[in-house]
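*Asks:* Structure provided below as structure tokens; questions to follow.
The values are calculated or read from the model by the stated rules, or taken from the named source; none is laboratory data. This is a predicted model, so every value here is computed, not measured. As a convention, Cβ positions derive from the backbone with ideal geometry for all residues, glycine included, and neighbour counts pool all protein chains shown. Please note that ligands, DNA and RNA were not included when accessible areas were found on the heavy atoms of the full protein model with its side chains. Shrake-Rupley method; radii C 1.70, N 1.55, O 1.52, S 1.80 Å.
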Amino acid sequence: MTWRRPGAILFLLACLLAASIVICTLVGPAGVPLFSLPGDNSGATILYGVRLPRVISAVLVGAGLAAAGVVMQGLFRNSMADPYLLGTSAGGALGAATAIVLLGGAFSMPLAFAGCTGAAFLVYGISRRAGRVPVEQLLLTGIAVSMFLSALLSFLMYVSGESLHQIFLWLMGGFWTASWQDAWTGLLVLPAAVPLLLLAREQDILSLGEEDALSLGVDIELLKKCLLVTSAFVTAVAVSIAGSIGFIGLITPHIMRLWVGPGHRILLPSSMMAGGIILVLSDTLARTAGNEVPVGVVTAFFGAPFFVFLLRRRYAS
Amino acid sequence: MIDVSGVELGYGAQVVLSDVSFRSGKGEFLGIVGPNGSGKTTLLKAIARLVAPLRGVVMINGQEIEVFSAIGLSRLVGLVPQASAPGFEYSVRDVVMMGRYPHIGMFGGETPADRDAVRKAMEVTGIAPLADRSVREISGGELQRVIIARALAQEPEILLLDEATAHLDLGHQVSILQMIRELSRRIAVIGVFHDLNHAAYFCDRIILLHDHRILAMGDPAGVLTEENIARAFGVRAMVRINPLSGRPVVSPVLHPSCEAGKDSHVHVVCGGGEGAGVLVALRDGGYRVTAGVLSLNDSDYLAAEALGIPCLTEPPFCPISERSRRDLEVWARDADAIVVTRGPWGTGNIENLRVLSALDAGAVVIMGVSSWDGRKWDYTGGDAEKILSSLKEKGARVAADIPAALGAVREITGETR
């Protein structure tokens, strides 16, 4: 959109993001003075050992979910699509639950990651016919695979006994155990976003429809493969850090599309920043005002009504 | 440039088209017509490589279409699909700029040449004023022009149009097809048409598809014949040559054909286009209708011919010959009723009225007397009016319009529906 100032919007979002990171790091039940004494170790531990990794994880997970949301919505040509359409959410949950039940919680992160990506590849594999992957097929297969994996998850929960509470906490999603390891893992979102940004023009063209894109010279099957792999990877990183946090990947691209237009070159980075801001604010709200309720509760509490609002607005037009 | 040979197309086991072969190239506007489901769009998609042929090959510039990369092919072939529904609110300019992708490529940036091509494409399609509007808030016809502009911005060597002007108003249809015809002097254009007359008017050559194959191929007048149209579309049509373009014009004939339901014979004396309406009404009424004597270049003759009504004729601009006069007498005596439309009467056809003056005036219906609207109709210096007046005096009926004339004919013949 030429009549808006994309550079200014990106700069504004970057400032907001930086401010959110600083504020959210400083806010918390244990009051830590802004400039704590060099010798004051407990304050520094809370800031650098607890809050900062948690804030960074939340920002990166939010950015990753928003990026995957943008990609899925463009791919499905539907602004109601979200990153979990490919069964990633159910797959990740199943992986984590397996780790909790069978391994006592060890390796829950890699198993969640494996579950996410495994589900996505399963959906992709089932949908593939003669080298082509029709998006309707992907959508419906995603639903079927999600339901199947959810059934397995329910069975696992049923037989889990004492670890049920742990599975339950994982399912609600959150950052209360976030460590620097999570924050470093979250950084994987950034390199994964590079191909998505480089393919911005192709994603714009793909959202006109597959035949149109094909006749304009876009190698759509290769593009879809790239987009699916990358967004599944990003989603898997997010889910393995914080569980399936809802609505960030759905609402953020939607809001940003209203603001910066549908062009992926701007939509993608601005959605990533906005996703980071929204999730870090939600998490801060969750751990302070909400007395450590899972952040998924906060995003759903605000996200679901907003989604209904968007749906109605869309229906009205 | 395009060489389609022995192509068979279909989806799964169902064959849509088989044994399709033709060539086209730069400088030609080739039209594809045919009934719904005859495979027009599929054929176009095969040339755009959106559908793979079951058999046969499509070659472009001497190379099989399969060997091109996606982007390589898109530099050669541009497609305007039947319907396009943008998923998001891109601006018109953004969508037209997407047509430059074949030239920009994956990691390139827009150059002034790209912006120039986009601006030109928007100008010739008349969408420049909409450049900043969202493609989701413009009308269907405007969107169609955006998609045409996108294909033009692509600057292909072969432009494929799938009913590209179907949603446009008449003005835009004509201006865009005109522009595309001019463009086709420099590139190859293949267009699927629903409107046979647009195809006939703008295309150099037409392919008519029917029953899974090519029924006819060639210049418009050779392809769009009454026989071919009846076979392909199952519709009786009248094909005439448009005097301005020299191209055929197809109009469907909607009146029940030839079978006369009634025994009564009605002869119509008409001319100058005044008789066509009565001929249609009498034919629809089931009468055995004849007409004449008419000049071969009279539109009433064309109407009678299209309706399959027997007609006495004279060559253009010739007076009524002695032979025609005698034939008219025979036909008129045989007729149960005779309808005389309002003029114009001149020295060329006054003989028609003279013949009638000798007959039983009770069988004659004279039309339009009460509504001459001040139009001159008697070019015989009063002779025609004299004959008609005397017929009226001798008991000829007068009818102001076609329903009244039908009523009078019904009275005379005593036949009701």
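*Asks:* Scan region B:307-336 residue by residue and report those that are touching an Asp or Glu at 6+ places or on another chain (Cβ under 9 Å) and either assigned to a strand (DSSP E or B) or more than 29 Å from B:Gly407 (Cβ to Cβ) (or both).
*Replies:* Those that are touching an Asp or Glu at 6+ places or on another chain (Cβ under 9 Å) and either assigned to a strand (DSSP E or B) or more than 29 Å from B:Gly407 (Cβ to Cβ) (or both): B:Cys311, B:Leu312, B:Thr313, B:Pro316, B:Pro319, B:Ile320, B:Ser321, B:Ser324, B:Arg325.
*Asks:* Let me ask something else about it. Could you run through region B:262-284 and say how many residues are over 28 Å from the mean Cα position of the chain (by Cα), closer than 17 Å to B:Pro403 by Cβ and open to solvent by 10 Å² or more (accessible area, probe 1.4 Å)?
*Replies:* 0
*Asks:* Which pairs turn up if I take residues in region B:292-313 that are without any contact (Cβ under 8 Å) to a residue 24 or more places away in the chain and look for partners that are in a loop (DSSP other than H, G, I, E, B) and surrounded by fewer than 16 Cβ atoms within 10 Å (Cβ to Cβ) with beta carbon separation below 8 Å, at least 6 apart in sequence or on another chain?
*Replies:* Note: pairs meeting the criteria are B:Leu296/B:Pro315; B:Leu296/B:Pro316; B:Asn297/B:Pro316; B:Asn297/B:Phe317; B:Thr313/B:Leu296.
*Asks:* Look at region A:148-171 and say how many of its residues are exposed (fewer than 14 other Cβ atoms within 10 Å of the Cβ) and of a type in the set (A, V, I, L, M).
*Replies:* So the answer is 2.
*Asks:* So how many residues does region B:285-299 have that are open to solvent by 60 Å² or more (accessible area, probe 1.4 Å) and of a type in the set (D, E, K, R)?
*Replies:* 1
*Asks:* To continue, here is another question. A:Val229 is checked against (1) more than 10 Å from every other protein chain (Cβ to nearest Cβ); (2) touching a Leu at 6+ places or on another chain (Cβ under 9 Å); (3) assigned to a helix (DSSP H, G or I) and fails just one. What number does that condition carry?
*Replies:* Tallying (1) more than 10 Å from every other protein chain (Cβ to nearest Cβ); (2) touching a Leu at 6+ places or on another chain (Cβ under 9 Å); (3) assigned to a helix (DSSP H, G or I), A:Val229 fails exactly one: (2).
*Asks:* Within region B:71-123, restricting attention to residues that are within 38 Å of the chain's Cα centre (by Cα) and polar (S, T, N, Q), which residue is nearest to the other protein chains (Cβ to nearest Cβ)?
*Replies:* Filtering first and then ranking leaves B:Ser74.
*Asks:* Does B:Val239 satisfy the condition of being among the aliphatic types (A, V, I, L, M) and over 15 Å from the mean Cα position of the chain (by Cα)?
*Replies:* no
*Asks:* Kindly list the number of the only condition in (1) hydroxyl-bearing (Ser, Thr, Tyr); (2) crowded, with 16+ Cβ neighbours inside 10 Å; (3) over 25 Å from B:Leu183 (Cβ atoms) that fails for B:Ser21.
*Replies:* Result: B:Ser21 passes all but (2).
*Asks:* Going by the structure shown, is A:Gly246 more than 10 Å from chain B (Cβ to nearest Cβ), touching a residue at least 12 places away in the same chain (Cβ under 8 Å) and outside any helix (DSSP H, G or I)?
*Replies:* In short, yes.
*Asks:* I need the helices (runs of 4 or more DSSP H) fully contained in region B:185-261, keeping only those with at least 2 residues that are open to solvent by 50 Å² or more (accessible area, probe 1.4 Å) and either touching a residue at least 60 places away in the same chain (Cβ under 8 Å) or of a type in the set (Asp, Glu) (or both).
*Replies:* B:226-233
*Asks:* Against the definition (within 14 Å of chain B (Cβ to nearest Cβ) and part of a helix (DSSP H, G or I)), how does A:Arg312 come out, yes or no?
*Replies:* Judged against the criteria, A:Arg312 is not a match.
*Asks:* Which members of region A:257-273 meet the condition of being away from chain B (no Cβ under 12 Å) and either open to solvent by 10 Å² or more (accessible area, probe 1.4 Å) or over 15 Å from the mean Cα position of the chain (by Cα) (or both)?
*Replies:* Matches in region A:257-273: A:Pro269, A:Met272, A:Met273.
*Asks:* Next question, about the same structure. Would you point out which residue out of B:Ala85, B:Ala52 is surrounded by fewer than 24 Cβ atoms within 10 Å (Cβ to Cβ) and either modelled with pLDDT under 90 or on the phi > 0 side of the Ramachandran plot (or both)?
*Replies:* B:Ala85
Quick grid of which residues meet (1) open to solvent by 30 Å² or more (accessible area, probe 1.4 Å); (2) within 14 Å of another protein chain (Cβ to nearest Cβ); (3) not in a helix (DSSP H, G or I):
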position	(1), (2), (3)
A:Val70	no, yes, no
A:Gly74	no, yes, no
A:Leu85	yes, no, no
A:Ala99	no, no, no
A:Gly105	no, no, yes
A:Tyr124	yes, no, no
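*Asks:* Determine whether B:Gly141 is within 21 Å of B:Leu177 (Cβ to Cβ), surrounded by 14 or more Cβ atoms within 10 Å (Cβ to Cβ) and within 11 Å of chain A (Cβ to nearest Cβ).
*Replies:* No: the conditions fail for B:Gly141.
*Asks:* Here's another thing I want to ask about it. Quick one: B:Met179 ticks every box in (1) within 24 Å of the chain's Cα centre (by Cα); (2) open to solvent by less than 30 Å² (accessible area, probe 1.4 Å) except a single one, so which number is it?
*Replies:* (2) is the only condition that B:Met179 fails.
*Asks:* So, one more: Would you confirm whether any residue within region B:152-166 is at negative phi and assigned to a helix (DSSP H, G or I)?
*Replies:* yes
*Asks:* Pull out all pairs, ordered by first then second residue, where Cβ-Cβ is under 7 Å, the residues are six or more apart or on different chains, the first lies in region A:151-173 and is closer than 18 Å to A:Ala119 by Cα and free of Cβ contacts under 8 Å to residues at least 60 places away in the same chain, and the second is surrounded by 15 or more Cβ atoms within 10 Å (Cβ to Cβ) and not charged (D, E, K, R).
*Replies:* The qualifying pairs are A:Leu152/A:Leu94.
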